[in-house]
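Peer 1: The structure that follows is given in the form of C-alpha cells.
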Amino acid sequence: MGFSFNFRLEKKKPRKYISERKIKLRVRELAKQINKDYSGKCPVFIGVLNGSFIFLADLIRELSIECEIDFLKLSSYGDSMISSGKVKLLKDLNAEIKGRDVVIVEDIVDTGLSLKFIKNLITGAKPKSLRFATLLFKKDISKLKFKIDYVGFEIPNEFVVGYGLDFAQRYRNLKGIYVF
C-alpha cells in the first residue's frame, strides 16, 4: 500500500478497490468525451471541495479544450460516515457563470442530496448549459431525478477513501480507492 493505516473504523485492513492505473485510464476516457462534447467552447469546471480536487486536477490536465475552473464548498457529512441530510454552502463561486457552459465535478455521488442542492444553486445563475461529472456513483442508492453526464465508476453502497475521498479529512492522499 505504500503507507501504514491507523484506521479507527475497522480492525481489518482496507482493501484496494480501484487501482491508481484504472483511475488514470478512466479519467483519460472521460476527458476524451468532454473534449468532444465541448470542442470549440470554454466551459467552467466547478469542483466541489474538498473531495473533488484531485479528480478535477487530473481531469483538466487531460483536456485539450480551453476551460476555466472555480470551486464550491458544501457541508453535509462533517467528520461522519453518514450524511447529516442537510446541505450547507460554505464557499460560493467567484466565476460569473450566466450564459456559460458549466460542468460540476464531484468526487462521489451517493444519495445525490448535495448534487441536487448544487443543481438548484447553479440553475438559478442561468448558465447556458449544465452537466455533471463524478468519479464514483452509487447508482443503487441515488435519489437523483436527473442524469450524471460523466461517470468514472459505478460502485455499490460501500464507504470508500482515497484519491480525494476522506474519512474525517484523512486518507485523501491515497493514490487508489480503498474500501472496508
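Peer 1: Ile155 passes all but one of (1) among the hydrophobic types (A, V, I, L, M, F, W, C); (2) more than 19 Å from Leu25 (Cα to Cα); (3) surrounded by 15 or more Cβ atoms within 10 Å (Cβ to Cβ); which number fails?
Peer 2: Status for Ile155: all satisfied but (2).
Peer 1: Which of the residues belonging to the range 9-50 are basic (Lys, Arg) and under 16 Å from Val103 (Cβ atoms)? Let's see the steps before the verdict.
Peer 2: Going through the range 9-50, the residues basic (Lys, Arg) turn out to be 11-13, 15-16, 21-22, 24, 26, 28, 32, 36, 41.
Answer for the range 9-50, where residues must be basic (Lys, Arg) and under 16 Å from Val103 (Cβ atoms): Lys32, Lys36, Lys41.
Peer 1: Taking Arg170, is it surrounded by fewer than 21 Cβ atoms within 10 Å (Cβ to Cβ), out of contact with any Leu (no Cβ under 9 Å at 6 or more places or on another chain) and free of Cβ contacts under 8 Å to residues at least 12 places away in the same chain? Explain how you work it out, then say what you get.
Peer 2: Values: surrounded by fewer than 21 Cβ atoms within 10 Å (Cβ to Cβ): yes; out of contact with any Leu (no Cβ under 9 Å at 6 or more places or on another chain): yes; free of Cβ contacts under 8 Å to residues at least 12 places away in the same chain: yes.
Yes: the conditions hold for Arg170.
Peer 1: OK, next. In the range 121-173, what residues are of a type in the set (Gly, Ala, Ser) and more than 19 Å from Gly51 (Cα to Cα)? Walk me through it before giving the result.
Peer 2: Of the residues in the range 121-173, the ones of a type in the set (Gly, Ala, Ser) are 124-125, 129, 133, 142, 152, 162, 164, 168.
Of everything in the range 121-173, those that are of a type in the set (Gly, Ala, Ser) and more than 19 Å from Gly51 (Cα to Cα) turn out to be Gly124, Ala125, Ser129.
Peer 1: Just the residues that are modelled with pLDDT of 95 or more and of a type in the set (Val, Ile, Thr), please, taken from the range 34-82.
Peer 2: Correct list: Ile34, Val44, Ile46, Ile54, Ile60, Ile65, Ile69.
Peer 1: Out of the residues in the range 83-109 that are under 26 Å from Ile177 (Cβ atoms) and at pLDDT below 80, state the one that is surrounded by the most Cβ atoms within 10 Å (Cβ to Cβ).
Peer 2: Ser83
Peer 1: Can you name the condition, by its number, that Asn120 falls short on among (1) more than 12 Å from the chain's Cα centre (by Cα); (2) within 17 Å of Glu68 (Cβ to Cβ)?
Peer 2: (2)
Peer 1: Among Asp149, Asp140, Asp107, which is over 16 Å from the mean Cα position of the chain (by Cα), within 24 Å of Glu29 (Cα to Cα) and not aromatic (Phe, Trp, Tyr)? Quick ask: steps written out before the conclusion?
Peer 2: Details: Asp149 fails: over 16 Å from the mean Cα position of the chain (by Cα); Asp107 fails: over 16 Å from the mean Cα position of the chain (by Cα).
Unique residue meeting the criteria: Asp140.
The values are calculated or read from the model by the stated rules, or taken from the named source; none is laboratory data. Remember, predicted model here, so these are calculated numbers, not experimental data. Please note: Cβ atoms are built from the backbone with ideal geometry, for glycine as well, and neighbour counts cover all protein chains shown.
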